[in-house]
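The values are calculated or read from the model by the stated rules, or taken from the named source; none is laboratory data. Note that the coordinates shown come from a computational prediction; the quantities given were computed from them, not determined experimentally. Heads up, the Cβs are rebuilt from the backbone with ideal geometry, glycines too, and the neighbour counts pull from every protein chain shown. Surface accessibility is based on the protein's heavy atoms, side chains included, excluding ligands, DNA and RNA. Shrake-Rupley method; radii C 1.70, N 1.55, O 1.52, S 1.80 Å.
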Amino acid sequence: EHSGRPVNDKEIQNILINNELLAQEASKQHLDKSEKVQALLELQRKDTLGKLLVENYVKSHPISEERVKEAYNSYKAKMGTTQYHVRHILVDNEALAKQIIAKLESKKATFADLAKKYSKDTGSADQGGDIGWTTPGSLVPAFASAMTSLKKGELDKTPVKTQFGWHVIQLLATRPLEVPTLAQLKDRIKQALMQQDINKYLLELRAGAKIKLPSGN
């Protein structure tokens with residue numbers, strides 16, 4: 001380690017010489033002969049080779065501009081053009097959800113109070129059921145469909161069923177969504193696509209290989 005200043009050629013040379021001298025002395029003392037050290041050296045060798053293989057794969061499989069554009073357009077379509085400020089109450093059964101809707105319609109209780117009392121969504125219950133500004137693409141389809149069909153301030157009179165339970169939904173407001181431009185997201189999209197490709201490559205290597213793991217600790 002150093003103080004952050006540039007390292008000159010002489011210092012690099014001294015580091016390499018010191019490493020060589022230390023390695024030679026370690027070998028003379030037979031420190032490299034133990035099974036533990038041999039396993040560590042082999043692990044380091046494989047780690048280095050693996051990194052080189054990934055680097056080579058990245059260089060030989062560049063992400064095309066067309067793929068980046070397609071991914072961006074898909075992201076843009078998923079995000080939509082509108083953000084929704086919505087709140088909900090999540091319960092276990094339809095009957096309770098209908099009871100809550102009836103209480104809201106009769107104004108016997110406020111949405112916030114009922115959310116704090118009944119909602120299983122602890123993340124939003126303390127906020128009176130408010131989940132903030134969101135987009136349809138970030139929600140499960142049934143919830144998103146119900147939310148986008150409502151008008152500002154409207155309470156959905158029918159409970160919405162999802163894999164999480166039954167939702168009582170109210171739309172508070174909407175606003176236009178400004179999606180970042182392709183130029184702004186280009187590097188992040190390229191990185192994500194390359195990681196997808198690397199993961200796929202690893203799965204292909206796994207499918208065609210037989211690996212015997214060492215036994216014991």
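Determine which aspartates and glutamates satisfy two conditions relative to Lys161: a Cα distance under 15 Å, and not lying fewer than 8 residues away in the same chain.
Lys161 reaches Asp92, Glu94, Asp121.
Report, to the nearest 10°, how far helix 35-60 tilts away from the longest principal axis of the Cα atoms in the chain, using its own Cα long axis and a range of 0 to 90°.
Helix 35-60 sits at roughly 60 degrees to that axis.
For the ranges 16-29, 64-77, what's the packing order if you count other beta-carbon atoms within 10 Å of each residue, average per peptide, and put the highest first?
The densest-packed peptide leads the list: 64-77, 16-29.
So what is the diffusion coefficient of segment 25-80 in µm² per second by Stokes-Einstein at 37 °C and 0.692 mPa s, using a Kirkwood Rh over Cα pairs?
215
Tell me, Kirkwood radius of the chain from alpha-carbon pair distances, in Å? Provide the component values of the computation, followed by the final result.
On the way: mean 1/r = 0.0424 Å⁻¹.
Taking the inverse mean of 1/r over all distinct Cα pairs, the chain comes out at 23.6 Å.
Please list, or write none, the lysines whose alpha carbon is within less than 28 Å of the alpha carbon of Lys212, excluding same-chain residues fewer than 8 places away.
Within the straight-line cut-off, Lys212 pairs with Lys33, Lys36, Lys46, Lys51, Lys200.
Using amide H atoms built 1.01 Å from N in the peptide plane, name the residues 5+ places from Lys161, or on other chains, whose amide H lies under 5 Å from its own.
For Lys161, whose amide H was placed from the backbone, the distant partners under 5 Å are His167.
Round to the nearest 10 and give me the degree value, 0 to 90, for the angle of helix 9-28's Cα axis relative to the longest principal axis of the chain.
The helix 9-28 is inclined about 70 degrees to the chain.
How much area per residue is accessible in segment 26-92 when the probe is 1.4 Å and only protein heavy atoms are counted (Å²)?
Here the per-residue accessible area is 75 Å².
Counting only protein heavy atoms, what percent of the accessible surface of the chain is carbon or sulfur at a 1.4 Å probe? Write out the running numbers ahead of the final one.
Numbers: 8530 of 15870 Å².
Carbon and sulfur atoms account for 54 percent of the accessible area of the chain.
Round to the nearest 0.05 the FRET efficiency obtained for Gln13 and Glu35 when R0 = 35 Å and r is the Cβ-Cβ distance.
The calculated FRET efficiency here is 0.55.
Give, as ranges by residue number, the residues of segment 61-80 whose backbone N falls under 16 Å from the point 7 Å along Cα→Cβ of Glu204.
Only 61-64 fall inside the zone, counting backbone N under 16 Å.
Counting just the Cα atoms, what span does segment 151-217 cover along each of its three principal axes? Round to the nearest Å and put the largest first.
Here the spans come out as 61, 38, 24 Å, largest first.
Using only the alpha-carbon atoms, how far is helix 65-79 inclined from the longest principal axis of the chain? Give it as 0 to 90 degrees, nearest 10.
30
With r as the distance between the Cβ atoms of Leu43 and Lys116 and R0 = 45 Å, compute the FRET efficiency 1/(1 + (r/R0)^6) and round to 0.05.
0.25
Per-residue ellipticity at 222 nm for the chain, helices alone: DSSP H runs ≥ 4 residues times -39500 (n - 2.57), over residue total, nearest 500 deg cm²/dmol?
-18000 deg cm²/dmol, from helical runs alone.
Looking at the calculated P(r) for segment 30-145, what percent of the C-alpha pair distances fall above 22 Å?
Roughly 63 percent, rounded to a whole number.
Taking a ≥ b ≥ c as the square roots of the Cα gyration tensor eigenvalues, with a/c under 1.5 meaning rounded and otherwise prolate when a/b beats b/c, else oblate, which class fits segment 95-173? Write down the numbers at each step before the final one.
Values: a/c = 1.40, a/b = 1.31, b/c = 1.07.
It is rounded, given that a/c, with a ≥ b ≥ c, falls under 1.5.
What whole number of Å gives the distance from the Cα centroid of segment 37-81 to the Cα centroid of segment 166-217?
11
Explain nothing, just the number: dipole magnitude of segment 30-164 about its Cα centre with +1 on each Lys and Arg Cβ and -1 on each Asp and Glu Cβ, in debye rounded to the nearest 20.
Magnitude of the dipole: close to 380 debye.
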